[in-house]
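Chemist: Input: one structure, supplied below.
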Amino acid sequence: MSYTDYRVTDMQWLPPVKSAKVKGKKIAKNVLLVLASILVFLAAYFPLTYRWAQTTWSDLTIQEILYHLMMPAEGTATGMVMQHITRCLVPAILITAAFVVVMIIIRNKPTAAFFVKGGAAAIAGIIIANTVAAFWKEMDVTEYMDSQSNYSSFIDNNYVDPASVNLTFPEQKRNLIYIFLESMENTFADKGSGGAFDENVIPELTEISLENENFSGGHTQLNGGVVMNGATWTMGAMFAHTCGLPLSISIDGNAMSTQDEFFPGATAIGDILEEEGYSQSLLLGSDATFGGRRLYFESHGNYQMRDYYYYKDNGMLPSSDYKVWWGYEDMYLFENAKTELTELASKDEPFNLTMLTADTHFEDGYVCSLCQNDTDDQYSNVYRCSSRQVSEFLDWCSQQEWYDNTTIVLAGDHLTMDGNFCDNVDEDYQRTVYTTIINGAAEPEEEIYREYTTMDLFPTTLAAMGVEIPGDRLALGTNLYSSTNTLLEIYGYEELNSNLQAKSELMTELTAGIVDQTCDINVMPFDSQTNTVQLIVSNVKGITPGVDGELCVKVYKESDQSDLVKYWFEDRGDGSYICTVNFADFDFNAGSYTAIVAINDTNSMHARDYTIGAVAVEMGDGTANVETPDTADSFGFGTTEFDYSSGNFEINYTKSDRSNLAGVQFAVWKQEDQSDLHWYPAELGDDGVYRVLVNAFDYAFDDRPFYIDIYEVLNDGSSKMINREYYRISDEQS
């Protein structure tokens with residue numbers, strides 16, 4: 001029987017209705033396929049990238065990786081980018097595509113598809129986990145995380161603020177040429193000259209160093225700076241050489257690419273020379289933006305940028321679209337330097353030309369038209385070529401009128417990162433960067449072999465320019481012409497290197513402008529009637545004041561922070577906090593102040609301050625109600641260190657005009673509800689100081705601060721509150 005027998009002439013076949021359950025299974029399969037494909041891609045990409053990094057870089061550090069993640073990638077060499085794409089990204093994509101093709105072929109075989117998909121995901125997960133574990137171990141991530149979880153006072157205790165040192169320049173200021181030689185090591189000289197190679201690949205540079213100053217104490221061997229944590233890559237190295245500090249940014253810091261300043265609290269050689277009227281330029285054949293170089297040198301010395309794009313935009317390259325390696329090669333760099341030096345020398349002011357070569361950058365360097373096939377190894381040939389070019393450039397300099405009054409520093413920025421170039425170097429050999437000073441205006445106090453780091457080149461360069469440095473220390477660097485020991489000579493490599501990696505309160509303060517602002521700070525207008533400024537902090541992120549620690553602000557005007565005063569915030573009960581900054585605490589010194597807001601970690605032994613924001617505060621707007629120093633009704637507050645034997649500490653108070661003052665008393669408490677408040681009438685001493693002893697055992701003995709309200713009792717019997725102060729039983733007192 002057929003359908004026509006029932007006279008059904010208009011019947012249509014409809015597709016079967018798929019149930020929601022079937023649709024859900026299909027969606028789940030597609031989602032699982034996407035997830036499995038992602039895992040396969042990562043399982044291929046991670047190991048390939050890790051292996052590529054291992055063979056491309058030697059001694060890569062977690063600090064360098066984190067730093068470059070915070071910086072823009074602009075200016076990266078196209079060759080390196082393409083190498084990563086061809087060796088890592090493309091193979092990972094092909095492997096993933098192959099997996100997807102297999103899954104399409106077996107899509108109609110549910111059981112096979114399930115096992116292939118599940119197996120691939122499981123294997124991919126294992127590969128990813130093993131790769132992460134290997135990376136974690138090789139990069140010593142655990143050690144780095146430990147160093148970042150606790151503050152060390154090492155840098156703080158050894159730092160000498162250059163802004164606080166009275167530097168004396170010679171009457172005729174010397175010019176400076178500072179040439180950073182990319183990845184240049186003393187290692188590449190022959191063993192007889194102090195290197196580690198059987199055959200010298202930098203013969204001209206070796207001769208130049210031995211004929212000039214490298215602080216070997218008269219030895220006929222090369223000597224140079226040891227590279228420490230925070231200075232193992234180009235920008236870190238340039239920072240250490242010129243600022244005397246490691247380029248250390250905490251892992252909770254904000255991306256530096258978004259900042260307007262680079263370590264605003266630090267003082268670099270560019271800052272010093274700018275103040276002395278120097279004309280300064282940074283010359284390099286790559287993009288100055290890469291790695292933060294533009295930001296640093298413009299922030300510290302207002303250097304004129306003479307980079308690849310400067311010469312490209314001004315039509316000074318072989319063609320309008322010319323680009324090789326990182327921009328243009330060193331043979332053009334040295335020619336451009338001659339032009340730049342001629343222009344700088346024509347001006348009335350002294351000059352500082354800082355240069356950076358690039359041909360010897362890993363991997364294997366760039367072969368230019370001047371390179372010769374001296375050996376079978378490309379990187380060795382590039383180093384030989386660089387050695388010749390530097391020597392020829394110095395010969396040209398020696399023929400110029402300005403040469404005798406110019407100090408020239410040749411310095412490798414850091415050790416080479418080429419993965420295998422130093423495979424045959426003995427593990428006991430101390431690799432150092434190439435270091436030579438030519439035409440130095442100083443002589444070593446002692447002819448001894450110095451052990452030093454690249455940070456020591458900061459004060460040493462100034463000394464080589466004839467600058468007198470009281471104390472012979474700047475930042476963490478030591479003047480190598482002096483007999484003062486370097487930090488490397490005092491502490492040794494392991495201890496110094498470990499301490500430089502640790503988190504530092506000082507470095508946190510110096511990076512106030514590049515630390516993530518984790519709160520809102522509102523500065524109220526300066527009140528000329530009370531001579532105060534109020535700060536209101538709100539939207540504090542990541543911490544809870546009162547639970548994780550007390551909220552405070554450190555206010556100072558002087559760069560050495562010698563006038564620093566710490567204030568504590570009061571909880572306003574609405575999620576905001578307020579404190580009052582008193583102009584009198586700064587002797588009514590009008591101007592712009594720095595206010596660093598921090599959380600004082602009361603749970604730690606040393607009650608460390610963790611910066612969460614910073615802001616500028618203007619005090620003294622010309623209408624301040626301030627009398628002249630002879631008649632000013634000024635006051636002073638002070639405390640003594642806590643006496644653990646007696647449990648006492650002293651509070652003292654002075655007043656210049658006591659004519660209407662009958663006495664002084666202090667209200668002291670620690671509990672927020674003032675349930676432990678005590679009143680202390682002060683006694684007036686023969687020296688005009690009101691004093692009182694407070695016994696800490698009358699209060700809870702913990703890290704919370706003592707609140708101290710100062711009250712003046714007037715002759716008419718009335719009293720008035722003068723100010724609120726704070727006291728802590730710790731190594732940090734208000």
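The values are calculated or read from the model by the stated rules, or taken from the named source; none is laboratory data. Not measured: the values here are computed from a predicted model. Cβ atoms come from the backbone with ideal geometry, glycine included; neighbour counts cover every protein chain shown. Only protein heavy atoms, including side chains, enter the accessible area calculation; ligands, DNA and RNA are left aside. Shrake-Rupley method; radii C 1.70, N 1.55, O 1.52, S 1.80 Å.
Chemist: Cα gyration tensor of segment 396-537, axes a ≥ b ≥ c as square roots of the eigenvalues: rounded (a/c below 1.5), prolate (a/b > b/c) or oblate?
Modeler: The shape class here is prolate.
Chemist: A further question on this structure: Separation between the residue 101 and residue 31 pseudo-spin-labels, each 7 Å from Cα along Cα→Cβ, expressed in nm?
Modeler: Label-label distance for residue 101 and residue 31, simple model: 3.0 nm.
Chemist: Next up: Counting only C-alpha contacts under 8 Å and six or more residues apart, can you give the relative contact order of segment 286-437 as a whole percent?
Modeler: Dividing the mean separation by the residue count of segment 286-437 yields 16 percent.
Chemist: For segment 294-368, which whole percent of the accessible surface, found with a 1.4 angstrom probe, sits on carbon and sulfur atoms?
Modeler: 42 percent
Chemist: Contour minus end-to-end for residue 491 and residue 530, with contour as 0.36 nm per residue of separation and end-to-end as the Cα-Cα distance?
Modeler: Here the segment from residue 491 to residue 530 would lengthen by 9.0 nm.
Chemist: Note the full-extension length gain between residue 339 and residue 302 as 0.36 nm times their separation in residues minus their Cα-Cα distance, in nm to one decimal.
Modeler: 11.3 nm
Chemist: Something else about it: What is segment 448-513 by shape, rounded, prolate or oblate, if you read a ≥ b ≥ c off the alpha carbon gyration tensor as root eigenvalues and call it rounded for a/c under 1.5, prolate for a/b larger than b/c, and oblate otherwise?
Modeler: Oblate is the answer for segment 448-513, as a/c is 1.5 or above yet b/c matches or exceeds a/b.
Chemist: What spacing in nm lies between the two simple spin-label points modelled at residue 130 and residue 562, each 7 Å away from Cα in the Cβ direction?
Modeler: 6.2 nm
Chemist: At a 10 angstrom cut-off on C-beta neighbours, averaged per residue, how do the peptides 360-367, 654-661, 347-354 rank from highest to lowest?
Modeler: Put in order of decreasing packing, that is 360-367, 347-354, 654-661.
Chemist: To continue, here is another question. Just the number please: accessible area per residue for segment 154-306, 1.4 Å probe, all protein chains included, in Å².
Modeler: 31 Å²
Chemist: Between the DSSP loop rule and a limit of at most 13 other Cβ atoms within 10 Å, which chymotrypsin sites (Phe, Trp or Tyr not before Pro) in segment 660-734 are left?
Modeler: Qualifying residues, ordered by number: 701.
Chemist: Order these peptides, 426-433, 640-647, by their mean beta-carbon neighbour count within 10 angstrom, highest first.
Modeler: For the peptides 426-433, 640-647, the packing ranking is 426-433, 640-647.
Chemist: Still on this structure, please answer the following. Cα atoms only, segment 368-441: Rg and Dmax in Å?
Modeler: Computed over the Cα atoms of segment 368-441, radius of gyration and Dmax are 15.6, 46 Å.
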